[in-house]
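Down below is the structure, laid out as structure tokens.
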Amino acid sequence: MKTTKNTIPVFIFVSALAFVPVPPPLFSAFEDIGIGARGRGLGDSVTALDDVNGAPLNPALPGSARKFETGVHFEAGTRSSLGPLDFDSYAFNASVPRMAYGKFGTLSVLGRYRTFSDLGLKEKTFSLGWATWQFRKSGMGILDIGAGLKFMQLASADTTDSNMALGFDLGAMWRGRSGNSVGLSLLNPTRPSFKAGALKYKTPFSVRLGVAEKREDYTLTLDIVSRSGVAAGNFSLNSGVEYRWRTYRSGIFASRAGLSLADKASFFSLGLGYRRLASEISYSFLVPVNGAIVPGHALSVNIRFGDKDQESDYERLIRQEVKYRKDLVEALDESSRREAVLRDELSALKEEIDSLNAGLKAAREQKAEVAQAREKLEAIVERQRRAQAELQSLEKKRRGDKLAQLQFDFNGEWQAYLKVKAGGAPKDALKGALQRLVGQYQGAGIDISRATLELQKIVQQGE
């Protein structure tokens, strides 16, 4: 946490600079303002943050999502990216992982409606985006790219003036192996215009460069934003920190803080989040640090369909494995006990046979007794044959149980290998794991063809 402590003097210093009085800002249509309460709680520094709600600020962010996710967002805002602004924002978004032309990616859908009570304006936005998943991989990290097409309408609440325009965004995301990431996005490079009657607005062209460092319990983010085509607030520096509080059975709590420094538009934010199973709720409190101190509020609810509690799954798998092993051990013990009983019975039968043979030799002259003894001997031999057959059957079952145990252990290690492979492990590590797996179970009498074929495939790719 040394990095987090070093950020405290910076926050205090830049916060003091932000209290310098400035004139009122200008308004631009469809400014680059985030939709999620998590991003707003981090001071809108989400350009390099793995969060599908950050798609409006970087279209490449949803690429890492592997499950269908949707969310609804509300904000009663008092500060835009350019200055003081009284607005209400309602938004929904969804991210749908798909495959196109043999490549995985994520389709993102966004709808947002904003009203500006002090300007008498209404903004409506609908966008469709596509982000790649592992577009380029190397030993240092993964590169993803994304793009979004936007349908935007600006209307006056006081008049009938209204205009619609098309815009698009571009983004890229580099995810390093060590938990660091870098994001770059170009928002509205064509600067769509909404001039109609009393409307005289254009959309600013924004360039965002962000970095993030993610660890198990905390995340640090920093964004540098440059805007062209606006008379004021053309540059901002956004930063944020998030700390996660993990509980055993009550989900994950998160605390957030952010600071956005801009000409006439600086604000400080605090946020809380709670995630339980497939749902997450976030709240942020935004306070301007220059001009009138009127706080804003943001609230988000997200649902990840198909997401599960990993700890519960692990507990269930462990319980199943313990029960299976217990049943298997009990079956082996029962087989051993039955085997010992049969061996004792065979030994007793052998002694009885020897005794009968001696009796037959002594009573050879008594035909009736010999015939009776022969019949009894045949019955005993038949019992011996059945006991021998049952012993062989038990030995065969025991061998089958041992093979089932080996096959179970192999399947468990094979599933662990597939998880490591899906997590993007290097080929050398995958090759080493497969060689150990094949060497351990080769010749054991079980089917390991999956591991053998996978090893051959990796060796051929390496050549």
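Only the coordinates and a few stated rules stand behind these numbers; no lab work does. Please read these numbers as outputs of a predicted model, since none were measured by experiment. As a convention, Cβ positions derive from the backbone with ideal geometry for all residues, glycine included, and neighbour counts pool all protein chains shown.
Any lysines with Cα under 19 Å of the LYS200 Cα? List them, leaving off those in the same chain fewer than 8 positions away.
Once the sequence-local lysines are set aside, what remains near LYS200 is LYS122, LYS124.
On alpha-carbon atoms, Rg over Rh for the chain using Kirkwood Rh?
1.31
Take the Cα of PHE74, step 7 Å along the line toward its Cβ, and report every residue of region 112-140 whose backbone nitrogen sits under 15 Å from that point.
So the set is 113-115.
What whole number of Å gives the distance from the Cα centroid of region 253-291 to the Cα centroid of region 203-220?
14
Measuring from label point to label point, each 7 Å out along Cα→Cβ, what is the ARG450 to SER178 span in nm?
3.6
Using a cut-off of under 16 Å, list every residue of region 367-410 whose amide N is near the label point 7 Å from the Cα of LEU349 along the Cα-to-beta-carbon line.
The answer is 375-395.
To the nearest 0.05, how large is the calculated FRET efficiency for LYS361 and ASP401 if R₀ is 45 Å and r is the Cβ-Cβ distance?
0.50
So if each residue of separation counts as 0.36 nm, and I subtract the Cα-Cα distance between LEU119 and PHE92, what length gain in nm does that give?
This chain segment gains 7.3 nm when fully extended.
Between VAL287 and ARG66, how many nm apart are label points set 7 Å from Cα along the C-beta direction?
Distance between the two pseudo-spin positions: 4.1 nm.
What ranking of LYS367, LYS350, LYS214 emerges when the number of other C-beta atoms within 10 Å of each C-beta is taken as an exposure proxy, fewest first?
Least to most surrounded, the residues fall as LYS367, LYS350, LYS214.
Would you please give the FRET efficiency between ALA198 and PHE305, computed as 1/(1 + (r/R0)^6) with r the Cβ-Cβ distance and R0 = 35 Å, to the nearest 0.05?
Taking R0 as 35 Å, the efficiency between ALA198 and PHE305 is 0.20.
So, by mean Cβ neighbours within 10 angstrom, what's the order for 35-47, 55-67 with the highest one leading?
Sorting 35-47, 55-67 by mean packing, highest first, produces 35-47, 55-67.
Quick one: order SER127, SER279 by neighbouring beta-carbon count within 10 Å, fewest to most.
The most exposed by this proxy come first: SER279, SER127.
Could you check how many percent of all C-alpha pairs in region 193-293 are farther apart than 17 Å?
65
Tell me the label-point distance for the pair LEU328, TRP414, using the 7 Å Cα-to-Cβ offset, in nm and rounded to one decimal.
So the two model labels end up 1.4 nm from each other.
Under 30 Å between C-alpha atoms is the cut-off here; go through region 312-420 and count lysine pairs that meet it, provided they're at least eight residues apart or on different chains.
So the count works out to 16.
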